[in-house]
Amino acid sequence: MYELIEELYPICRSITGNGVRQTLERISQRVPLQIHEVPSGTQVFDWTVPREWNIEEAFIDDADGNRLIDFANHNLHVVSYSVPVDKVCTWDELKTHLHTLPDHPDWIPYRTSYYKDNWGFCLAHRDLDRFKAGPFRVCIRSSLTNGSLTYGETVIPGATDREVLFFNHVCHPSLCNDNLSGNAVLAELASRLRERQPRLTYRFVWAPGTIGSISWLSRNQAVVPKIHAGLVAVLLGDAGPFHYKRTRTGAEEIDRVVEFVLAEQGVATKLRDFSPYGYDERQFNSPGIAAPVGRLTRTPNGEYEQYHSSADNLDFVQPDYLEESLRVLERVVTVLEGNVSYRNTAPHCEPQLGKRGLYGSTGGTQPKKREHAMLWILSFSDTQHSLLEISARSGIDFDVVRAAADDLLAAGLLEPCT
Ligand code: ZN
């Protein structure tokens, strides 16, 4: 995962353009993706897919021809979606187009101007010292053309068409935690899931933030009712605690499962209720969509100093944290896979377990617990209680409950509810 981040780090991504295509192509080598192109000008709910932005070079030279800023050195140097410009300007004009972080004089900020025609440069505050009286030659060789918005997705079909959706944004340039960590962790999760034959169908989407999820939702309205659980999974590579942001109702299966897994895994965790600010969970939870999609991050957006700056770099994310995030997400998948509600097929009094070989002879390392788990499952399999609820109520480990349910299923004592 860290190696993939290293490879993707130098690519200049935005909400459209060749950087996104290159990124999806590289992710495709890890897990095959279907690539979709949505033409500029396409109406997607209340939004319009913008013109496609690409950039070749950008720089600022002083009057002596010294290069003060060069996009080739860092692709955060140019405000994303800057219109093309090639002119000589005074310091007074230029300074209104320069962005720095005075509190962090060595860091380059990340700025965008997607929906308003503008241009600008971002630089380390310390480098302002190099700007003398002027005039300055300013050049941005960018293009805004009728092209398309690109997103990638992969579907891993399960035994049922009820879907689990993993969504992440893929529109940030050289920033590691914000964007690349999620991109890499979900690529790994998807590639591992492809080796399994899951019960549920899994869909992974890599798309630009906001306009990408809106475009995807606009084109996939038939999929929305099938979404059984979903996560926006981003910002997964820093040292901070896990933050789970609940769905709008806070009462969906994904809420219960993620909260259970974070507690069970013993990782530092903070839980938050839904708010309409953040990443693409805003779109999935809008009242007309109302898909049960929560959000899992480590430190949330805007809550670490390095956020949206050049300090969100390859040192800020670390393999151990990526690994831990992957482990949590894999466990979320395992619990979603196993968390079924059943109907007890012999519900009149207790069925006789002994004559079915289920009592006193069960294998595994915890036979007594497994027998207890069977009694709990039979008692609560009235179609209204899932195995996760039975595990919580009984205090018996989820995996033991799951294994006991498999024994009861094999004996014909349970039927799954769909
Ligand atoms: Zn961001």
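Points to keep in mind about this one:
- Residues in segment 278-293 that are in contact with a Phe, Trp or Tyr (Cβ under 7 Å, 6 or more places away or on another chain) and away from the ligand (no atom under 14 Å from the Cβ): ASN285, ALA291, VAL293.
- Those strands (runs of 3 or more DSSP E) lying entirely in segment 141-244 with at least 1 residues within 23 Å of PRO276 (Cβ to Cβ) and within 16 Å of the ligand (Cβ to nearest atom): 163-169, 201-207, 227-233
- Taken over segment 129-157, the criterion of being at pLDDT 95 or above and over 28 Å from VAL38 (Cβ atoms) is satisfied by PRO135, PHE136, ARG137, VAL138, CYS139.
- ARG130 closer than 16 Å to ILE140 by Cα and open to solvent by 60 Å² or more (accessible area, probe 1.4 Å): no
- Some residue of segment 167-176 being aliphatic (A, V, I, L, M), under 16 Å from the mean Cα position of the chain (by Cα) and over 25 Å from PRO10 (Cβ atoms): no
One line per residue, one yes/no per condition, for (1) in the same structural domain as VAL164 (by TED's automatic domain parsing); (2) open to solvent by 50 Å² or more (accessible area, probe 1.4 Å); (3) modelled with pLDDT of 95 or more:
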site	(1), (2), (3)
TYR304	yes, no, yes
HIS308	yes, no, yes
SER325	yes, no, yes
GLU330	yes, yes, yes
ALA346	no, no, yes
LYS355	no, yes, no
GLY360	no, yes, no
LYS369	no, yes, no
SER381	no, no, yes
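- Criterion (under 24 Å from LEU175 (Cα atoms), surrounded by 18 or more Cβ atoms within 10 Å (Cβ to Cβ) and touching a helix residue (DSSP H, G or I) at 6+ places or on another chain (Cβ under 8 Å)) met by exactly one of LEU76, LEU98: LEU98
- Comparison of TYR110, TYR115, TYR81 shows that the only residue that is modelled with pLDDT under 95 and not hydrophobic (A, V, I, L, M, F, W, C) is TYR115.
- Close pairs (8 angstrom Cβ cut-off, 6 or more residues apart or separate chains): touching a residue at least 12 places away in the same chain (Cβ under 8 Å) in segment 272-289, open to solvent by 40 Å² or more (accessible area, probe 1.4 Å) and of a type in the set (Lys, Arg) anywhere: ARG272/ARG246; ASP273/ARG246; PHE274/ARG246; PHE274/ARG248; ASN285/ARG248
- Annotation: ASN179 fulfils all but one of (1) modelled with pLDDT of 95 or more; (2) surrounded by 16 or more Cβ atoms within 10 Å (Cβ to Cβ); the unmet one is (1).
- Once segment 294-315 is narrowed to residues that are of a type in the set (S, T, N, Q), within 12 Å of the ligand (Cβ to nearest atom) and assigned to a loop (DSSP other than H, G, I, E, B), the residue that is nearest to LYS270 (Cα to Cα) is ASN301.
- Odd one out for ILE60 among (1) of a type in the set (A, V, I, L, M, F, W, C); (2) assigned to a loop (DSSP other than H, G, I, E, B); (3) more than 22 Å from the chain's Cα centre (by Cα): (2)
- Matching residues, segment 192-222, being surrounded by fewer than 17 Cβ atoms within 10 Å (Cβ to Cβ) and either in contact (Cβ under 8 Å) with a residue 60 or more places away in the chain or touching a helix residue (DSSP H, G or I) at 6+ places or on another chain (Cβ under 7 Å) (or both): ARG192, ARG194, ARG199, ARG219
- Count of residues meeting criterion [open to solvent by less than 10 Å² (accessible area, probe 1.4 Å) and either among the small types (Gly, Ala, Ser) or within 18 Å of the chain's Cα centre (by Cα) (or both)] in segment 20-38: 5
- ARG256 passes every criterion in (1) more than 16 Å from the ligand (Cβ to nearest atom); (2) in a loop (DSSP other than H, G, I, E, B) apart from (2).
- In this entry, THR112 is excluded by the filter for residues that are closer than 25 Å to THR16 by Cα, surrounded by 13 or more Cβ atoms within 10 Å (Cβ to Cβ) and free of Cβ contacts under 8 Å to residues at least 12 places away in the same chain.
The values are calculated or read from the model by the stated rules, or taken from the named source; none is laboratory data. Please read all numbers here as calculations on a predicted model, not as lab measurements. Neighbour counts are summed over all protein chains in view; Cβ atoms, including those assigned to glycine, are modelled from backbone coordinates with ideal geometry. Note: accessible area is taken over every heavy atom of the protein model, side chains too, but ligands, DNA and RNA are not part of it. Shrake-Rupley method; radii C 1.70, N 1.55, O 1.52, S 1.80 Å.
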